[in-house]
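Heads up, the thing below is written out as structure tokens.
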Amino acid sequence: MTIRLRAHHLLCLLTYVGKGYTPAFTANYDRVAGRLSRGEDILLVSGPDDVCAPLLDEPEPHCLNESIVERDRLAAQDLEELLARPIRVGASLDFDGAMLARMRQAFSAGRVRKACVGCEWNELCSTIAAGGYSDTLVQRSASPGER
């Protein structure tokens with residue numbers, strides 16, 4: 001199967017440790033993290049994605065706000081430069097251990113953090129990155145071809 005993600009969630013998944021907006025959001029994100037860890041591909045989408053799904057029943061889901069669309073734009077810009085490939089709606093990513101390691105290294109170094117400015121989770125994510133991502137739920141081992 002394929003996981004539908006918006007661009008800024010490519011950054012969020014780097015530090016996800018099982019904390020979220022609501023219990024339903026967290027349970028859903030735990031499932032998405034498991035799928036990512038098992039190697040499911042990613043399809044980049046515009047607007048609400050598989051992570052956002054539980055929030056769509058709220059009266060005013062924040063995932064529809066223009067500020068979140070701007071986060072997507074900034075994340076795509078940073079990651080496109082880092083990964084040297086298009087990070088655009090409709091693009092597919094073969095999410096592997098090497099990509100995860102490269103993204104985490106750049107995140108720790110502050111090279112892909114423009115989308116994080118003003119995010120309520122920024123401090124937590126910084127702490128997790130500084131701690132070496134030890135408790136994160138998205139984990140991928142490098143395959144023999146990635147080493």
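So what are the ³J(HN,Hα) numbers for the range 36-41, from phi and the Karplus equation (6.51, -1.76, 1.60; θ = phi - 60°), rounded to whole Hz, Gly and Pro as x?
My calculation for the range 36-41 gives 4, 5, 7, x, 5, 5 Hz in order.
Using helices alone, I'd like the mean residue ellipticity at 222 nm for the chain: each DSSP H run of four-plus residues gives -39500 (n - 2.57), total over residue count, nearest 500. Could you put the intermediate results ahead of the total?
Numbers: 5 runs with 61 residues, N = 147.
Taking each H run of at least 4 residues, the total per residue is -13000 deg cm²/dmol.
When the scattering of the chain is computed by the Debye formula from its Cα atoms alone, each counted once and equally, what is log10 I(q)/I(0) at q = 0.11 Å⁻¹?
Rounded to two decimals, the profile gives -0.37.
Readers should treat all values here as calculations from the given coordinates under stated rules, not as data from a laboratory. Keep in mind that this is a model prediction, so the values were computed, not measured.
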